[in-house]
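Chemist: Before we start, here is the structure in question, set down as structure tokens.
Please treat every number below as a calculation from the coordinates, not as lab data. It should be emphasised that the depicted structure is a prediction, and the values quoted were computed from it without experimental measurement. Cβ atoms come from the backbone with ideal geometry, glycine included; neighbour counts cover every protein chain shown.
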Amino acid sequence: MLADKAKILILVYLYVYGSLSFTDLLNLLAERMSITKGNLDSHLRYMEKNGLIRRRKTLYAIYGKRTVYGITDKGRDELINLIDEINRLANIMKPGSAADHHGEGNEPIG
């Protein structure tokens, strides 16, 4: 399962926007977190190696050659599984949930 905020956001952006360039991803991520080009490159390489995203070269009349990234079926499935798990956890936290009936989870520790 994904556990890194940057990797999760990369999958979200690729799911929502489709193919994005390195610069597009860097700019979108920079709005939400501090990230360097080196960090982003490392995340993208890891995610491509693990089959979550794909990289391809494209030719644009305006930009020339450009590398773009897209989400794979495996990446989409991982993202959907993560969202489902977050939704299950959010339901547990709601008042009237099973944890509430057992007297658990309402008081902070400390």
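Chemist: Inside region 48-86, can you point out the residues that are in contact (Cβ under 8 Å) with a residue 12 or more places away in the chain, assigned to a strand (DSSP E or B) and among the charged types (D, E, K, R)?
Modeler: If the condition is that a residue be in contact (Cβ under 8 Å) with a residue 12 or more places away in the chain, assigned to a strand (DSSP E or B) and among the charged types (D, E, K, R), then ARG54, ARG55, ARG56, ARG66 are the ones that fit.
Chemist: Cβ contacts < 9 Å: first residue closer than 19 Å to ARG55 by Cβ, restricted to region 25-43; second residue outside any helix (DSSP H, G or I) and acidic (Asp, Glu), any location; separation 6+ or different chain. Result?
Modeler: Close Cβ pairs (under 9 Å, with a partner that is outside any helix (DSSP H, G or I) and acidic (Asp, Glu)) amount to HIS43/ASP4.
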